[in-house]
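Read through the structure below, which is laid out as structure tokens, and then see the notes.
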Amino acid sequence: MPAPVSRDRPMLLALSLIALGIVLRQADRVHYGRRRPRTADAAGLIALQRARANDVTPLVLLAGQWVQIAGWWLLAAQGPLGAAVASAGVAVQFRHLQELSHHAVHGVLARTGRANTFLAEVFAHLPLGLPPVPARRRRHVRDHHPHATLAADPNLAELTRAGLRPGIGPSRFALAVVHPLTPAGLAVTVASLRDALRPGPGRLLAFLAVPAAALLLVGWPAAVFGWLVPRLLLYPLLAWWSLFAEHTWFDPEHRTGSKARVEAGRCLRLYPRSRALAALATATWLPYGDLHHYAHSAHPGLRWNYLPALERHLGPPHFAPDALALGTNSVARRHYRALTATSPARF
């Protein structure tokens, strides 16, 4: 008689794939991190970045993200606890893919413009149901960056549509913080998917290929907890918190002068005094330099590998909160105070 299949083998395979994905991702990190200065100005860091630019390590990095996702899919079939952990793990990977494609939109993920667009489309925008890369580039680079926190900023409009308006009450504000988990937020997510998939049937087929692969390779737990729940609920929540914590949206300090000085008045920097919280955020919902959004806003053409060094050179922005939602020095408390002030800031 054949020996019975061990129940530990699927778990071991899942963990092995997750570990393999992490290892693959390190190739890009090591390549760009060699002899990286602890602090430097933007010109020196951009020169170093250009000298190391290539199209291979970003490809391996993105492949590593999907190898990890495959591992999480296998874990989703290992009972209720595995399904719950896998949902969170896949949501984090989707968030990482979004942020990697953000750097591709800025033209700094890979060496060439064609490679940036191709990698962003194939590994992030098509499988996640995001808009075509050129459309996202127009919205983000042309419409958001020059107008951050101003009336013309599409990101500010998104926050406003979620109910973050002057005079908001505490209950409505609390719901706005977790907006993607609410029925209204879920409707926004579905509508954004519908709009992103409209350009042609190819985008729809590429998008549906991901849950189909999860279903065929692993089964319904992977399709539900490794795709449906992360894509419709958990990943949008992580992306929403990232947006929420990018800027002092409702009471920016409008400045003139250098770009760094202007951005210091409307950006923030989470967890400046806690390495543990900063590391946790970097590993989950603020990956690939998103924790250093001020440095990115001051010099959008800089890759995430060099944003910490630039941030040390620039110094902190004028608001450096200790928490996202809890405490007097949190992002949420500041936003709420700005929206409920007697004479709220105009935006």
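The values are calculated or read from the model by the stated rules, or taken from the named source; none is laboratory data. Quick caveat, the model's predicted, so the values are computed rather than measured. Positions of Cβ are generated from backbone atoms using ideal geometry, with glycine treated the same way; all protein chains shown enter the neighbour counts.
I'd like to check which helices (runs of 4 or more DSSP H) are fully inside region 181-285 and have at least 2 residues that are among the hydroxyl-bearing types (Ser, Thr, Tyr) and under 25 Å from Leu126 (Cβ atoms). Show your work before the answer.
Details: elements: 183-196, 201-217, 220-223, 235-244, 259-264, 275-283.
Answer list for region 181-285: 183-196, 235-244.
Considering each residue of region 165-178, count those that are closer than 16 Å to Leu237 by Cα and either within 21 Å of the chain's Cα centre (by Cα) or not small (Gly, Ala, Ser) (or both), and give that number. If you could, list the steps in order and put the result at the bottom.
Let us first name the residues in region 165-178 that are closer than 16 Å to Leu237 by Cα, namely 173-178.
Going one step further and asking which of them are either within 21 Å of the chain's Cα centre (by Cα) or not small (Gly, Ala, Ser) (or both), we end up with 173, 175-178.
Residues in region 165-178 being closer than 16 Å to Leu237 by Cα and either within 21 Å of the chain's Cα centre (by Cα) or not small (Gly, Ala, Ser) (or both): 5 in total.
Confirm whether Leu228 is surrounded by fewer than 20 Cβ atoms within 10 Å (Cβ to Cβ), closer than 30 Å to Val67 by Cβ and touching a residue at least 12 places away in the same chain (Cβ under 8 Å). Don't jump to the end; show me each part of the working.
Details: surrounded by fewer than 20 Cβ atoms within 10 Å (Cβ to Cβ): yes; closer than 30 Å to Val67 by Cβ: yes; touching a residue at least 12 places away in the same chain (Cβ under 8 Å): yes.
Answer is yes for this residue.
Only residues in region 69-89 that are under 13 Å from Arg231 (Cα atoms) count as the first member; pair them with residues that are small (Gly, Ala, Ser) and crowded, with 24+ Cβ neighbours inside 10 Å, Cβ under 7 angstrom, at least 6 apart or cross-chain, and list the lot.
Close Cβ pairs satisfying both conditions: Ala86/Ala76; Ala86/Gly226.
More than 26 Å from Ala157 (Cβ to Cβ), surrounded by fewer than 17 Cβ atoms within 10 Å (Cβ to Cβ) and over 23 Å from the mean Cα position of the chain (by Cα), is that true of Leu216?
Against the criterion (more than 26 Å from Ala157 (Cβ to Cβ), surrounded by fewer than 17 Cβ atoms within 10 Å (Cβ to Cβ) and over 23 Å from the mean Cα position of the chain (by Cα)), Leu216 qualifies.
Mind checking which residues of region 40-58 are over 12 Å from Val108 (Cα atoms) and not small (Gly, Ala, Ser)?
Once the filter is applied, which keeps residues that are over 12 Å from Val108 (Cα atoms) and not small (Gly, Ala, Ser), region 40-58 yields Asp41, Leu45, Leu48, Val56, Thr57.
Of all residues being of a type in the set (Ser, Thr, Tyr) and surrounded by 19 or more Cβ atoms within 10 Å (Cβ to Cβ) in region 148-190, which is farthest from Thr248 (Cα to Cα)? Just the residue, please. Even if it seems obvious, please write down each step before you answer.
Initial filter on region 148-190 (of a type in the set (Ser, Thr, Tyr)): 149, 160, 171, 182, 189.
Then drop every residue that is not surrounded by 19 or more Cβ atoms within 10 Å (Cβ to Cβ), which leaves 149, 189.
Details: Thr149: 7, Thr189: 24 Å.
Looking at residues that are of a type in the set (Ser, Thr, Tyr) and surrounded by 19 or more Cβ atoms within 10 Å (Cβ to Cβ), I get Thr189.
Would you confirm whether any residue within region 92-106 is of a type in the set (Asp, Glu), modelled with pLDDT of 95 or more and outside any helix (DSSP H, G or I)? Give the steps one after another, and end with the answer.
First, the residues of region 92-106 that are of a type in the set (Asp, Glu): 99.
Within this subset, residues satisfying the condition of being modelled with pLDDT of 95 or more are 99.
So of that shortlist, the ones also outside any helix (DSSP H, G or I) come out as none.
The answer is no; no qualifying residue exists.
Of the residues Ala70, Ala83, Ala77, which is in contact with a Leu (Cβ under 6 Å, 6 or more places away or on another chain), of a type outside the set (Ser, Thr, Tyr) and under 18 Å from Val218 (Cβ atoms)?
On the way: Ala83 fails: in contact with a Leu (Cβ under 6 Å, 6 or more places away or on another chain); Ala77 fails: in contact with a Leu (Cβ under 6 Å, 6 or more places away or on another chain).
None of the other options fit; the residue is Ala70.
What residue, of Thr340, Thr328, is closer than 19 Å to Ser171 by Cβ and either loosely packed, with under 15 Cβ neighbours inside 10 Å or over 21 Å from the mean Cα position of the chain (by Cα) (or both)? Please lay out each step first, then the result.
Values: Thr328 fails: closer than 19 Å to Ser171 by Cβ.
After applying the criteria, what remains is Thr340.
Going through region 286-304 one residue at a time, which ones are charged (D, E, K, R) and assigned to a loop (DSSP other than H, G, I, E, B)?
In the first step, residues of region 286-304 are kept if they are charged (D, E, K, R); the result is 290, 303.
Passing the criteria: only Arg303.
Out of Ala283, Ala264, Ala298, which single residue is on the phi < 0 side of the Ramachandran plot and surrounded by fewer than 20 Cβ atoms within 10 Å (Cβ to Cβ)?
Numbers: Ala264 fails: surrounded by fewer than 20 Cβ atoms within 10 Å (Cβ to Cβ); Ala298 fails: surrounded by fewer than 20 Cβ atoms within 10 Å (Cβ to Cβ).
Within the list Ala283, Ala264, Ala298, the selection yields Ala283.
On the given criteria, is His179 closer than 20 Å to Ala245 by Cβ and at pLDDT below 95? Before you say what the answer is, go through the steps one by one.
Values: closer than 20 Å to Ala245 by Cβ: yes; at pLDDT below 95: no.
Considered against the rule, which asks whether it is closer than 20 Å to Ala245 by Cβ and at pLDDT below 95, His179 comes out as no.
Please note which helices (runs of 4 or more DSSP H) are completely contained in region 1-86 and include at least 2 residues that are within 18 Å of Ala283 (Cβ to Cβ) and under 21 Å from the mean Cα position of the chain (by Cα).
Values: elements: 8-33, 42-52, 56-76.
Hits in region 1-86: 8-33, 56-76.
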